[in-house]
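Structure first, then comments.
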Amino acid sequence: MGVALTDAGHCGTIRGMRKLLICLLLLVFGVMAAQGRVKVASLHPLLSEMAQAVGGEQVEVVNLFPKGADLHTFNPTAADLARARDAALVLACGMGVEPYLEDLKDSLPSTQVAELGKSIPPVYLPGTQLADPHWWNAPQNMKRASRALMQALSVLSPADVAVFRAGQKAYAAEMDALDREARVALGRIPQEARVLVAAHAAMGHFGRAYGFRQVPVHGIAQESEGDTATMAQLLRSLRELKVRCIFTEATGSPRAMETLAGQVGAVTRPLVMDGIHPEMPTYREIFRFNIRNIVDGLGQSH
C-alpha cells in the first residue's frame, strides 16, 4: 500500500514538472516571438490599419496620432517620440502632410521612415504646382502604398516575406473591391454633375480616379479674404457650373459652406477628407461614407 502511494505521488510530481516545463517553454517561445516582431510606428490611423493588415502577427503597430487631433496641426510630442524610439519603421503619408518630418528623422536617426505617398503619382491643385497630399481618398492609391509598405517590411524582416505578401494581397483585394463598388455607385451621377465643390482642397486624387472636377473653395478665395470681387467671381462660377451640392468637412463646422450653398441653391453633404473620423475607424467605413454622400448630393434626385 505504501509503495503504491509513493509511486502515485512520484508520478504526480513528474506530471507537475512536465506541465511547468511546458508552460515555461511556451512563455519563452512567446517572448521570442514578440521580440521577433517588427515594431512599426504610424503617423496616420489609416497607415496603422494598413500596417496591421499587411504585417499581421509579425508586426507590432504603434499609432502615434492622438484621437481627436487635426491632421494639419498635429506635431508629435516628446512622449510620442519616446514611443517610437525603438521602432524599426515609422510610416508617414508624405507629400508635405507632415511638415515636421525632417525634425522627426533627426530625432530618430536609427529608425527607417517610409513616406508611402512617394509611391503615388501626384495630382496638382487647379492652376498651381502644388500637389494635393490627400492621396488616400482613392483605394487604388492605398493599394499602391501597401506594396511600398510590404517592400519596406520585407527588408526589415526577410524571414516573414511570405506573411507580408499574403497580407498585402488580401489588402489589395479589399481595395479593388471598394474601387469596383465605388464605380458602380458613382455611375449614377451624370457627367455634367461631376463637380466636387469643397472648402478643403482634398479631393484631387478621388477626382482623377473617378472622373470628377475638384473646385476647392478655400483654394480660390483664401488668398483674398474679404475680397468681395473674388467671392463674387466664385459665386458666378458655381452658378455657371450648376453645382448641385457643396461638400463640408465631416469633422469641422459646416456653417460657412452652408451659407455658400444657400447662395447658389445647392444642398450640402459631409465628407471625411483627411481620412480621420472618431466614429469611423476603418478605411472601408470612411470611403463608403464618402461615396454615399457624393451619390446622394450629386445624383439624379437633385
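Summary of values
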{"read-out": "Order by protection proxy (mean Cβ within 10 Å, highest first), peptides 199-210, 151-162", "value": "199-210, 151-162"}
{"read-out": "The stretch 159-302, accessible surface, carbon-and-sulfur percent (1.4 angstrom probe)", "value": "51 percent"}
{"read-out": "Eligible lysines near LYS169 by straight Cα distance, threshold 25 Å, same-chain separation 8 or greater", "value": "LYS39, LYS118, LYS143"}
{"read-out": "The stretch 153-302 - convex hull of alpha carbons, volume per residue in Å³", "value": "132 Å³"}
{"read-out": "Cα centroid separation, the stretch 247-282 to the stretch 137-163 (Å)", "value": "32 Å"}
{"read-out": "Semi-axis lengths, Å, the stretch 250-302, gyration tensor of Cα atoms, sqrt of 5 times eigenvalues", "value": "22, 15, 6"}
{"read-out": "Gain upon complete extension [TYR100, ARG284; 0.36 nm per residue less C-alpha separation]", "value": "63.4 nm"}
{"read-out": "Stretchable slack from LYS169 to ALA78, in nm (0.36 nm times residue separation minus alpha-carbon distance)", "value": "29.2 nm"}
{"read-out": "Order by protection proxy (mean Cβ within 10 Å, highest first), peptides 51-61, 115-125", "value": "51-61, 115-125"}
{"read-out": "Charge dipole magnitude, Cβ of K and R +1, D and E -1 - the stretch 37-141, Cα centre, debye nearest 20", "value": "160 debye"}
{"read-out": "Environment charge at TYR283 (Cβ cut-off 9 Å; Lys +1, Arg +1, Asp -1, Glu -1)", "value": "-2"}
{"read-out": "Accessible area of the stretch 233-302 divided out per residue, in Å², using a probe of 1.4 angstrom", "value": "49 Å²"}
{"read-out": "Accessible area per residue in Å² at 1.4 Å probe, computed on the stretch 63-134", "value": "52 Å²"}
{"read-out": "Contour excess over end-to-end distance, with Cα ends at ARG85 and LYS118 and 0.36 nm allotted per residue", "value": "9.6 nm"}
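The values are calculated or read from the model by the stated rules, or taken from the named source; none is laboratory data. Keep in mind that what you see is a predicted model, and the values were worked out from it rather than measured. Positions of Cβ are backbone-derived with ideal geometry, glycine not excepted, and every protein chain shown enters the neighbour counts. Protein only, heavy atoms only, side chains kept; ligands, DNA and RNA dropped before computing areas. Shrake-Rupley method; radii C 1.70, N 1.55, O 1.52, S 1.80 Å.
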